[in-house]
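**Student:** Pasting in a structure now, in structure tokens, and then I'll have a few things to ask.
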Amino acid sequence: MSATNLILALMALASLIGLYGNPALIERSLFRPYWLLPRRQYSTLLSSGFVHANIPHLLFNALTLWSFGGSLEDAMGTAQFVALYLVSLFVSDWGTWIKHRNDPNYASLGASGAILGVLFASIVYFPTRSLYMMFLPVPIPGPLFAVGYLAYTWYASRQQRGRINHDAHFSGALAGLGFVALFDPEAWRRALDLVLR
């Protein structure tokens, strides 16, 4: 089983158990920046990335990971892909901690930060790839999808409803771009050559 499929399976399993069988799992997994250090809730840096607020939240993240993760894992190798995923998750948590560390009521969940890292790294590796969505009859170019995703994130983070960690999207995207620049700068050169032709 590929790492992409394993992550998808873990996300789906944890989220469905939390949503329909054991809501305490979601409560225990929430990332609460204010309480991270005082209560040593370090495990939530990881666990919050596998539970989701609702089915649409899970499906959107799963669709994005499924669409971009497998081919990226093939291109960069499983070990590097897993490292990218975890680095993006932790960097997005760090960005959330910086912004919300003084708010005792803030709590968030979701794999979006890690998945944005995968999405943006994938765009560097495959800058001409398109995404097909069930409700749209035309393909969406990967870079356009990424920009649209971030625009939605910017809007959603201003609304601040629910526990979805929209703030993690920007830092996750930057983590993905930075990871590729650090560990495979040649991929950046190829992408720029393709785009600037």
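Where a number appears in this text, it was derived from the coordinates with a stated rule and is not lab data. Since this is a predicted model, take the numbers as computed values, not measurements. Positions of Cβ are generated from backbone atoms using ideal geometry, with glycine treated the same way; all protein chains shown enter the neighbour counts.
**Student:** May I ask for the angle, rounded to the nearest 10°, between helix 3-20 and the longest principal axis of the chain, with both axes built from Cα atoms and the value confined to 0 to 90°?
**Tutor:** That helix lies at roughly 30 degrees to the long axis.
**Student:** Helix 168-183 sits at what angle to the longest principal axis of the chain, using alpha carbons and giving 0 to 90 degrees rounded to 10?
**Tutor:** Roughly 50 degrees, rounded to the nearest 10.
**Student:** Further, regarding this structure: Under 5 Å between amide H atoms, partner at least 5 residues away or on a different chain: which partners does S130 have, H built in plane at 1.01 Å?
**Tutor:** G142
**Student:** Using Cα springs under 10 Å in a Gaussian network model of the chain, which residue among L72, L13, L46 shows the largest mean-square fluctuation?
**Tutor:** Highest fluctuation among the options: L13.
**Student:** Sorted from fewest to most neighbouring beta carbons within 10 Å, what does the list I55, I26 look like?
**Tutor:** In increasing order of surrounding Cβ atoms, one gets I55, I26.
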